[in-house]
Amino acid sequence: MPKNTKGGKKHKKNKNYGSENKSLRYKEEGQDYAKVTRCKGNCRFDVLCCDGKERLAILCGSMRKRKFINQGQLVLVSIREWQDDICDIIDSYEESHAKRLKSEKELPESFRLGDDNPYDEHDDGIDFVMSIPGESDEEVEGDNPFLKEEPNDEGDVDLDDI
């Protein structure tokens with residue numbers, strides 16, 4: 001039986017410790033940087049590539065159940081030659097690595113990072129108003145129909161009378 005040179009159970013516990021010093025992987029021919037726009041399930045994602053195309057991305061088998069990909073995260077994809085609208089995710093980047101790629105001019109200027117929530121891009125016209133106890137509804141700015149009491153046709157009912 002060979003000698004155990006790595007250590008036992010305690011060494012195996014810390015196998016992922018210090019993974020922040022991972023070297024940065026740059027794109028090669030046939031690869032591109034992409035931003036995850038939507039998580040579909042079954043290791044499939046919608047991504048927006050640096051070339052401006054929206055593609056379906058599939059997580060490669062070696063990354064399944066080992067790395068988690070979230071919406072808004074920067075990934076490295078391998079573009080298929082025979083299918084232009086499908087690509088494979090081969091690496092994911094942390095936020096610090098993505099900022100480093102942006103500072104090294106690897107990503108185009110039009111490519112925005114950190115915009116996780118696509119609903120912040122446009123205004124729906126919905127205003128949320130917080131009422132402060134002790135103040136009347138008339139002092140609150142805006143005409144919000146949900147904050148004003150409407151007269152009841154049946155008459156007001158006092159709960160103490162019941």
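No lab work stands behind these numbers, since they all come straight from the coordinates. Computed from a predicted structure; not experimentally measured. Here the Cβ positions follow ideal geometry from the backbone for every residue, glycine too, while neighbour counts run over all protein chains shown.
Results, tabulated for the structure shown:
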| read-out | value |
| --- | --- |
| Per-pair calculated FRET efficiency, R0 = 35 Å: CYS39 and ASP156 via Cβ, rounded to 0.05 | 0.10 |
| Set LYS6/LYS99; LYS27/LYS67; LYS6/LYS65 screened for pairs whose C-alpha atoms are more than 23 Å apart | LYS6/LYS99; LYS6/LYS65 |
| Cα-based convex hull volume of region 29-112 per residue, rounded to whole Å³ | 94 |
| Net lengthening on full extension, LYS53/GLU109 (0.36 nm per residue, minus Cα-Cα) | 18.6 nm |
| Inter-site label distance for ARG25 and LYS67 at 7 Å from Cα along Cβ, in nm | 0.5 |
